[in-house]
Structure formats: C-alpha cells, structure tokens
1. Work out, step by step, the length gained on full extension between ALA73 and ALA5: first 0.36 nm times the residue separation, then minus their alpha carbon distance; give nm to one decimal.
2. Expressed in nm to one decimal, what extension gain is obtained for the pair ILE313 and GLN173 from 0.36 nm per residue of sequence separation less their Cα-Cα distance?
3. Could you compute the FRET efficiency for VAL36 and ASP120, with r as their C-beta to C-beta distance and R0 at 51 Å, rounded to 0.05?
4. For a quick check: sort MET283, MET94 by the number of other beta carbons within 10 angstrom, fewest at the front.
5. Taking K and R as +1 and D and E as -1, what net charge do the other residues with C-beta under 10 Å from the C-beta of MET164 add up to?
6. Treat the count of other C-beta atoms within 10 Å as a stand-in for reagent exposure and order THR109, THR78 from fewest to most.
7. Under a Cβ-Cβ cut-off of 9 Å, what is the net charge of the residues other than HIS304 that fall near it, where Lys and Arg count +1 and Asp and Glu count -1?
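Where a number appears in this text, it was derived from the coordinates with a stated rule and is not lab data. These numbers come from a predicted model, not from an experiment. All Cβ positions, even for glycine, are placed from backbone atoms using ideal geometry, and neighbour counts span all protein chains on display.
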Amino acid sequence: MKKLAKKYLIAHKDNDGKPHILRGRAVATIALFVGVLFLASLVQHALVPSTNFAAVISSVLVDLTNGDRAESARSPLTVNPMLSYAAELKARDMAQKSYFAHTSPEGITPWYWFREAGYDFLYAGENLAVNFSDSIDVEQAWMNSPSHRKNILSEHFSEIGIGMAQGYYKGRQTTFVVQLFGSPLSPDIAQGIAETKSALPKQETKTLADEEVVVLGDAVALQSEELPETEDSFIAIDVNGYALPESNFVPDVENDISYANLFDTLASAPRRLLYAMYGILAMLILLALSSYFAHEVKKHHVRHIIYGFTLLIFMAGLFYASHIFIFTRVFVQ
C-alpha cells in the first residue's frame, strides 16, 4: 500500500517525477468519477419523494429523532402507520397547493389530518421542513428550533409518523417533510370522556375544530383555528371539561429501537457523501501537486500540474453547483 501510494501521489525518480494520479489516463478517470458522483446526487435527490426512497429517509429520521431522545433520557418513539399516513396526507396537501405552514390557506389545521387517518390522540404535535437534502440536516434544523425541539423531546409523545411529497415552493421544486407525533387516546380515557359527555346537559355538538386546545409550552388557551403558524404546535385536547391524566412517564433508555440500517443512513445523506468524496479526492490531488513543488519543477511537469489544478477547478465548480441547485438550505415550520 505504501509503495502504491508513493507511485500515485509522490513525485520521485522512479515515476519520472510525475505522480500517476496526475497522468492523462488517471486524470480522465478521476474527472469521469467526479461527474458521475454529481449526477448520482442529482438522481438521488430526484428519488427522494418516491415511495421506496421516502420510506428509507423516514426510517433514518425516526432513528435520528430517537437518538436525540436517548441523549435526553427519553424513551424511543414507535412508528404508527396511521400517523405516517396522516403525515403523507399533509405533505401532499402542501405540495399540491404550494404552501408551507401548519395551517393551510383554506384554514385546515394540522389536527384535521389526524382525524382523516383515523388517529384518535390524547397529545399531538407537528414539525415541518422544506428543501430536504440530508436527513441529518433536517433533524438538526428541528433541534435548533426551541418549539420543534420541544416536540422531539416531549415525554408526552409515544408514537411518530413521517411523510414526504415533492412539489413547488416559492417557484422552486422541493421536497416537503412532515413529522407527526402522537399519544393515542386509550380506551379508558375515551370511556371517561364519553361518560363525562353523557353526564353533561345536552348542548350543541362540537367538532374538534371547535374544542379548546392548550399550547402546553406557553400554557395559553386558544382555539385550534388560532394556532399560530410559526409557534409551538404541541397541544393537548380538553374535551368538554374532562381532565386529562398527569403523565406517568418513566424513561426507558435501554429500549433501543432502530428502523434504518447502514445503507439507509448513507442513502439518506447524499450531500455529505458527495462532499466527503470530493474532499478526499481534492486532498489526494493537492498532495500530488505539493510533491512537485517540493522538488525541482521541470518543463515537462507543467502539463501534469495543469491537469491537477483543472481537476480541482472542475470539482469546485460542481461543488458550488450542488450547493446552489441541489442541496439548498433546509427551512422548518
């Protein structure tokens, strides 16, 4: 290995002062490889909303969320198919109508999608993201926001569902990500609510949109239609005065739930993979170039030096293009 590295990366007498990595055939191969990596990132980015790839990314996001919860001594969340379906419905709605908010332009609140999926909840929350690149970028953006972080680390949630859809936002094609949290309404509590309702005087039936909700983070009472789009979306429902029980949460940090394998993790990080590969290649090329200048540079070396700098410029150009056109900044809501 040492001999091979010296042959390809170091200018010395045995290779005529010309590292093989900067010779014509090697330069052409590297340029082709750099281009293929860039195209692969384009394809991978385009595949994000597809059913199979979206499932991979969702599993990675769930693992990242549970990893953050484990660091805060919170028990892991389990994936609920109904929550995943509700998240997909919300993501599709945003993609089709080109909006990015907790409440749709028609005034549809996040909790409507829970009902559409048939998920009866005691507690529920919603995190949104747009301009998906790497799964970890989305998770970090959520964790850097106090309200989204509160949802991720809340001890009131026990289940999670993630949905994705591709559409247009602010004139650019992008991927919408919806992360829903929930704690299902148990039969005992549901029965208690029903008994409370039956004991109350008859009154006009209210829909969920009419019921009072409480934003626990701020302990402020408001109607669900009035939920601020950019504020904490963590709520508890108090149905007709029925008191919700206190949380008896006990951290179970030893319960390790994993939904993604190594391939899933790598596949969900196209930006980091591309930048890592470009970084490694750039360092190897710079090492070979520096070996030229450590010795006497002869006239017949100039062509190979130009090859090296041309490769670096080519990679820098594709790096910049990927940053501008593919891996745009993640926004959360």
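1. Full-extension gain reported as 19.8 nm.
2. Roughly 47.6 nm would be gained on extension.
3. Given R0 = 51 Å and the Cβ-Cβ separation, E is 0.55.
4. MET283, MET94
5. Combined, the nearby Lys, Arg, Asp and Glu give 0.
6. Numbers: THR109 21, THR78 14.
Starting with the residue having the fewest Cβ neighbours, the order is THR78, THR109.
7. That sum, taken over residues with Cβ under 9 Å, equals +3.
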